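Below: the structure, in structure tokens.
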Amino acid sequence: MERLSEQVAIVTGGAGGIGAAVARALAAEGASVVIADIRDTEGADLAAELGGSRYLHLDVTHEDDWQRALAETERDLGPLSVLVNIAGVVDWGTMEEQSPESFRRVVDVNLTGAWLGMRAAAPSLRRAGGGVIVNMSSLAGLTAYAGVGAYAASKWGLRGLTKVAALELAPDRVRVCSVHPGAIRTRMTAGFGDAYTAGQPIPRFGEPEEVARMVLFVVAEATFSTGCEFIVDGGILAGAPAVLTPTD
């Protein structure tokens, strides 16, 4: 049974990694999926692979791009039912190493881009009679890591913005939740070896498809949840897996 038949979804950052996995998962459940990205070749190829999906060039930091994307989506497919904000970037470096330009760029894509998307999508979601927004935050939106100040700031900010949007859009029957992946095997983690996840309760990298299944759960099953955080982290937030024994 296709749980999302007649639903219209936009997935930003949908050309690869977690975004592509989410696009596949939504399409498999019958949704009409708009893959939105700046990676035109990869996005168009994925849309052709899925069939019934389409690709739109979208720079999430540009308000005009958002307005065009929503107008074209609604014109061709109908009002929006699902928005999944996944587009994101990271720059590595301590606070002293990272430039102000780099900091602003990360926040602009990861946080402002999602805000622009929710702002642009809200009228269409109302016209659809309600819907779901899923914001892809991170484990770095729940805890801290040295060397990713801008990324952590953007993901903590997105967590808070998700809650505000959940309150503001609840009267319109729009649910808004955040998903918080830990170490997932994507381009962003390509430089990390298996030792990076060895101390987790589930000692491996997660796969994009595992995050996509959580997003699908939020969209299709978590119908009494809004303003909530859904974690896909291999158990790392549960604490250290080592058994502690008292010593004399």
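Read-outs throughout are calculated quantities, based only on the coordinates presented, and are distinct from any laboratory measurement. What you are looking at is a predicted structure, and each value in this text was computed from that prediction instead of being measured. Glycine also receives a Cβ, built like all others from the backbone with ideal geometry; neighbour counts cover every protein chain displayed.
For M95 and R187, FRET efficiency with R0 = 30 Å and r from the beta-carbon atoms, rounded to 0.05?
That pair, R187 with M95, gives E of 0.80.
Can you grab the distance from the C-alpha centre of segment 179-195 to the C-alpha centre of segment 34-74, Å, no decimals?
Centre-to-centre distance over Cα atoms comes out at 25 Å.
How many nm separate the modelled label positions at A48 and C228, each set 7 Å beyond the Cα in the direction of the Cβ?
4.0 nm
What fraction of the Cα pairs in segment 69-198, stated in percent, has a spacing above 21 angstrom? Let's see the in-between values first.
Numbers: 3832 of 8385 pairs.
Percentage above 21 Å: 46.
Along Cα→Cβ, 7 Å out, is where each label goes; now give me the distance between the ones at R105 and A238 in nm to one decimal.
3.8 nm
Once every Cα of segment 29-127 carries one equal point scatterer and solvent is ignored, give the base-10 log of I(q)/I(0) from the Debye formula at q = 0.13 Å⁻¹, two decimals.
Listed by q, the Debye log ratios stand at -0.51.
Over the alpha carbons of segment 30-86, what is the largest minus smallest coordinate on each principal axis, giving the biggest first in Å?
Each principal axis gives a Cα extent; for segment 30-86 these are 29, 24, 19 Å.
How charged is the neighbourhood of G93? Take every other residue with its Cβ under 13 Å from the Cβ of G93, and add Lys/Arg as +1 and Asp/Glu as -1.
For residues surrounding G93, the net value is -3.
Would you mind getting me the FRET efficiency between E209 and H62? Use the beta-carbon distance for r and R0 = 30 Å, nearest 0.05.
With R0 = 30 Å, the Cβ-Cβ based efficiency is 0.50.
Amide H neighbours of V232 under 5 Å, at least 5 residues apart or on other chains, H built in the peptide plane: list them.
H180, G182
Can you give me the relative contact order of segment 139-216 as a percent, contacts being Cα pairs under 8 Å and 6 or more apart? Present the calculation step by step, with values, prior to reporting the outcome.
Working: 59 pairs, mean separation 18.5, N = 78.
Reported relative contact order: 24 percent.
Let me spell out the model: positive unit charges on the Cβ of Lys and Arg, negative unit charges on the Cβ of Asp and Glu, origin at the Cα centre of segment 2-138. What dipole size does that give, in debye rounded to 20?
The dipole of segment 2-138 has a size of about 520 debye.
Do you know the relative contact order of segment 173-215, to the nearest whole percent, from alpha carbon pairs under 8 angstrom that are 6+ apart?
44 percent
Counting only C-alpha contacts under 8 Å and six or more residues apart, can you give the relative contact order of the chain as a whole percent?
18 percent
Give me Rg/Rg_expected for the chain, where Rg uses Cα atoms only and Rg_expected = 2.2 N^0.38 Å with N residues.
1.01
Nearest 10 degrees is fine. How inclined is helix 113-127 to the longest principal axis of the chain, computing both from alpha carbons?
40 degrees
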